1. Being surrounded by fewer than 13 Cβ atoms within 10 Å (Cβ to Cβ) and aliphatic (A, V, I, L, M) is the filter here, so list the residues in segment 1-52 that pass it.
2. Suppose the filter is under 9 Å from the mean Cα position of the chain (by Cα), in contact (Cβ under 8 Å) with a residue 24 or more places away in the chain and under 16 Å from His64 (Cα atoms); does Leu16 pass it?
3. Can you list residue pairs whose Cβ atoms sit under 7 Å apart, with the first residue in segment 35-50 being in contact (Cβ under 8 Å) with a residue 24 or more places away in the chain and the second being exposed (fewer than 11 other Cβ atoms within 10 Å of the Cβ)? Count only pairs 6 or more apart in sequence or on different chains.
4. Report, by residue number, each residue of segment 53-71 that is surrounded by 10 or more Cβ atoms within 10 Å (Cβ to Cβ) and assigned to a loop (DSSP other than H, G, I, E, B).
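Here, each number is a calculation from the coordinates, and none is a lab measurement. Just so it is clear, the model here is predicted, and its values are computed rather than measured. Virtual Cβ from ideal backbone geometry, glycine too; neighbours counted across all protein chains shown.
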Amino acid sequence: MRHFNFITVGKVLEKLKVEGIEISRPTFMKLMKEEKLFQMRKTANGWWVCSPQEMILIVQLIKHNYQQHIA
């Protein structure tokens, strides 16, 4: 895996896995694009990125959304 100074989708997915929620990249992108659960910025090179504070919020939103769907 490539290393970036900013937070990419891969880093958010790693954080979610540590939190006990393992979702695929397509599911993550569906939550962002189709369900509009959260938003990340796209760089000029096409990478989706966010700030550390936004990553915390995204993880919380996905955890909350995930727990609602399994209950």
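1. The answer is Met1, Val18, Ala44.
2. Taking the combined requirement at face value, the residue satisfies it.
3. Trp48/Lys42
4. The answer is none; no residue qualifies.
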